[in-house]
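Structure, as structure tokens:
The values are calculated or read from the model by the stated rules, or taken from the named source; none is laboratory data. These numbers come from a predicted model, not from an experiment. Neighbour counts run over all protein chains shown; Cβ positions are idealised from the backbone, glycine included. The accessibility values were calculated without ligands, DNA or RNA, using every heavy atom of the protein model including side chains. Shrake-Rupley method; radii C 1.70, N 1.55, O 1.52, S 1.80 Å.
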Amino acid sequence: MRQITYCDAINEAMLQEMERDPQIFVYGLGVPDHKRIFGSTKGLVEIFGKDRCFDMPLSEDAMSGFGLGAAINGMKPVYIHIRADFLLLCMNQLANMISSYRYSSNGMLKAPMVIRVIMGRGWGQGHQHSKSLYSMFSHIPGLKVVLPTTPYDAKGLLISAIRDEDPVLVFEHRWLYWQTGEVPEKSYTIPFGQPNVLRTGKDITIVATSWMNVESVKAADILEKRGISVEIIDPRTIAPFNVEPIINSVNKTGHCIVADNDWVEYGFSAEAAALIYSKCMGNLKSPIARIGFAFTPCPTARHLENAFYPNAINIIRCIEEKLDLSPTDLTGEDFYSHENRFKGPF
Amino acid sequence: MCLGIELYKKMYLIRKTEETIIKYYPEDEMKTPMHMSMGEEAIVAGVCQSLSHDDQVFGTYRSHALFLAKTGDVCDFFAEMYGKDTARLKGKGGSMHMCAPMSGFMGSSAIVASSIPVALGAAYANKRAGNNKIVATFFGDGATDEGVFWESMNIACLMKIPIIFICEDNEFAVHTPGTERRGYSSLPDIIAKFNCNVLKGVATDVEEIYQTTMEGINLMRKNQMPVFLHFKYYRYLEHVGIFEDFDAGYREKEEFLKWQSIDPVSRQRSNLLSNGYDEKEIENLENEIDLMIKTSIMKAKLSPFCDAEELFREVCR
Ligand SMILES: Cc1ncc(C[n+]2csc(CCOP(=O)(O)OP(=O)(O)O)c2C)c(N)n1
Ligand SMILES: [Mg+2]
């Protein structure tokens, strides 16, 4: 099948959906400028014009309410932020208005809007340009939260998000933009609440979100050489979060690691662990482990950044501990860094 | 030493430091996104010259100039760009988040407009303490799109807080011109409706900026109303990074050339010469600064990184 990048998959979803539904419009800081949100909005302003693809003043909060207003009046706004950190300026509209408009109108009004968000990382982005934050939004009833990992997911989940009748936040990891994968040309959707099994295995289950799937696959590849078989499940949407396939997997393997692209404390990994415990207690051979960012603001110097972000090595060491294995010799293994990005298909 | 020379030294230090960044950045050792100050030197040097050492400034992610003008500490500057142990921040901040409170540089933020209300609170604390410290908050034209800017203006005027707002207006927020972001034509005209002192200028004559700022400070001392300074300038380089971007199509190179012909740094040098300064003397000062920059960057390159445990130090617990 055709291989395209994650970025092009997003772009194609936008193009096809805007073609299909004239009520869709896309806006946000820099959306029509020459950089085109890392390329993900290219072609849109040329094809659909400035009425349906536009820039805005630095007025994130107001433009969130603006999207809501347009949505309850029948339009389909897609609002883009190049950093998740900027979502915090929209918090009032998101948490007090957008999330609850349907409920507080008792269903007479709906807010079918999409908020596309890019999570930054690397090259000294620092504490104000690198947050993930998706767990915060999952905590709020009324907001759907989607985390595409593969190019296939990026297209299918974005189309589902656009067609959804409720507000959906789509969090895209900056490092995933470069990877390629099989993506059908025709339009398709991926239902929310359908985890993707990236790899089947029998010894241990990893639940991974976003970029951490890439690290998990790397860890699994390395351990496979020692005969360890790792099952990797990507929930793809964390609100709604369908834990059933994960429970089945953990009941089979008896071990579970939640590798989240975020801080561990009070986040998705805690929610996942609690749900898994509630159904797998008797079958667990070791406590559920959680892997995530160091619980500090993100520093800028590379060596501190490396200490901040978990990677495949942390996952490998954690698996070794659970399965009582001697440390794997990692000499000669290549790991991902800002310079050495993941590009190929899974 | 004379004012004109002091101003020139500040600007020369800033310009040369950034030229040094341009030279070394491609080595990929300064791993921090650079929002360059080139073009805005006169604003920052002029305003900082009118402040005392204890006065306080707040900046944005585009604060190389402000940091150097307020602290003069090019050693700490490069140590932080390289993320080394010898930097006060030890690599926790990088180019976008600098801090040197002992010299009145109270921080810079990469969330647009977010330090404006913080500066306001700092100025309020100074007012309450009766310490006569002035607070100056620097921001771009894009920051004035944000609600928090207008709220802060209103509060400052309402509470008669001694603060200087400095809008460094380069007409662009990243690549978006003011005409595509504003539903009004003149920012200073609107600000003038607030109970504050509004002064403005075109920002390449550093002595004029210094005089304008002094005038603002005197007015503020007299009438207790905040000062709003509006200065136009031209951003020489791309929004972030060390290159020109005139081929991107959103602005014209001709415009740059117009501004370059009144470049603040060369303009001040010519001013000094036409006011009878000895060129040799100027060159000596320039050589001293060149040497200081060179030593600083070499020291930064040779310094060690901090230990990884530093990651966990100074987190609020
Ligand atoms: C709240 C917020 N929104 C968006 C951004 C992304 N962003 C970074 S700089 C910038 C433009 C700011 O323009 P201006 O205030 O004029 O400053 P300049 O870069 O021109 O110095 C934008 C939109 C951000 N950092 N913070
Ligand atoms: Mg600007």
message: Which condition from (1) in contact with a Ser or Thr (Cβ under 9 Å, 6 or more places away or on another chain); (2) without any contact (Cβ under 8 Å) to a residue 40 or more places away in the chain is the one that A:R83 breaks?
response: (2)
Contacts under 6 angstrom Cβ, first residue in segment B:292-317 being closer than 16 Å to A:A301 by Cβ, partner among the aliphatic types (A, V, I, L, M), 6 or more apart: B:A300/B:A79; B:A308/A:A307; B:L311/A:A294; B:L311/A:L304; B:L311/A:A307
message: Could you list, ordered by first residue, the pairs with Cβ atoms under 8 Å in which the first is in segment B:215-242 and within 14 Å of chain A (Cβ to nearest Cβ) and the second is within 12 Å of ligand 1 (Cβ to nearest atom) and open to solvent by 50 Å² or more (accessible area, probe 1.4 Å), at least 6 apart or interchain?
response: B:H239/B:V174
message: Looking at segment B:76-99, can you tell me whether even one residue there is crowded, with 20+ Cβ neighbours inside 10 Å, within 15 Å of ligand 1 (Cβ to nearest atom) and assigned to a helix (DSSP H, G or I)?
response: no
query: Which one is nearest to B:R62 (Cα to Cα) among residues in segment B:122-151 that are away from ligand 1 (no atom under 14 Å from the Cβ) and open to solvent by less than 40 Å² (accessible area, probe 1.4 Å)?
result: B:A136
message: Given the condition in a helix (DSSP H, G or I) and either assigned by TED's automatic domain parsing to the domain that holds A:H127 or open to solvent by less than 40 Å² (accessible area, probe 1.4 Å) (or both), answer yes or no: does some residue in segment A:185-202 qualify?
response: no
- request: Could you figure out which of (1) within 14 Å of another protein chain (Cβ to nearest Cβ); (2) closer than 26 Å to B:V74 by Cα; (3) buried (at least 21 other Cβ atoms within 10 Å of the Cβ); (4) not hydrophobic (A, V, I, L, M, F, W, C) isn't true of B:E168?
  value: (1)
field: Residue selected from segment B:286-309 under the condition of a type in the set (D, E) and away from chain A (no Cβ under 14 Å), by the criterion least open to solvent (accessible area, probe 1.4 Å)
entry: B:E286
- prompt: Does A:P141 qualify as being surrounded by fewer than 24 Cβ atoms within 10 Å (Cβ to Cβ) and assigned by TED's automatic domain parsing to the domain that holds A:Y79?
  reply: yes
task: May I ask you to say which residue of B:Y210, B:Y184, B:Y233 is away from ligand 1 (no atom under 12 Å from the Cβ) and crowded, with 16+ Cβ neighbours inside 10 Å?
output: B:Y210
query: In segment A:301-329, which residues are more than 20 Å from A:D203 (Cα to Cα), open to solvent by less than 40 Å² (accessible area, probe 1.4 Å) and of a type in the set (A, V, I, L, M, F, W, C)?
result: A:A301, A:L304, A:F308
- request: Identify, from the list B:M34, B:M38, the residue that is within 16 Å of ligand 1 (Cβ to nearest atom), open to solvent by 10 Å² or more (accessible area, probe 1.4 Å) and of a type in the set (A, V, I, L, M).
  value: B:M38
Among (1) closer than 19 Å to B:A123 by Cα; (2) within 16 Å of ligand 2 (Cβ to nearest atom), the one test that B:E168 misses: (1)
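Scan segment A:99-118 and tell me whether some residue there is within 13 Å of chain B (Cβ to nearest Cβ) and either open to solvent by 30 Å² or more (accessible area, probe 1.4 Å) or more than 16 Å from ligand 1 (Cβ to nearest atom) (or both).
No, segment A:99-118 contains no residue that is within 13 Å of chain B (Cβ to nearest Cβ) and either open to solvent by 30 Å² or more (accessible area, probe 1.4 Å) or more than 16 Å from ligand 1 (Cβ to nearest atom) (or both).
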statement: Considering only helices (runs of 4 or more DSSP H) wholly within segment A:232-346, the ones with at least 3 residues that are polar (S, T, N, Q) are A:244-253
message: Residues to consider are B:V118, B:V112; find the one that is more than 16 Å from ligand 2 (Cβ to nearest atom) and of a type outside the set (F, W, Y).
response: B:V118
- line: Within segment A:224-259, the residues that are in contact (Cβ under 8 Å) with a residue 60 or more places away in the chain, touching a strand residue (DSSP E or B) at 6+ places or on another chain (Cβ under 6 Å) and not basic (K, R) are A:V230, A:D234, A:T237, A:I238, A:A239, A:H255, A:I257
- line: All conditions in (1) within 14 Å of another protein chain (Cβ to nearest Cβ); (2) under 27 Å from B:N271 (Cβ atoms); (3) hydroxyl-bearing (S, T, Y) are true of B:T176 except (2)
query: All but one of (1) in contact with a Leu (Cβ under 6 Å, 6 or more places away or on another chain); (2) open to solvent by less than 20 Å² (accessible area, probe 1.4 Å); (3) away from ligand 1 (no atom under 11 Å from the Cβ) hold for A:E60; which doesn't?
result: (3)
- prompt: So A:F342 clears everything in (1) within 14 Å of chain B (Cβ to nearest Cβ); (2) modelled with pLDDT under 95; (3) open to solvent by less than 30 Å² (accessible area, probe 1.4 Å) except one condition, right? Which one?
  reply: (1)
query: For segment A:96-142, which residues satisfy the criterion of being among the charged types (D, E, K, R) and in a helix (DSSP H, G or I)?
result: A:R102
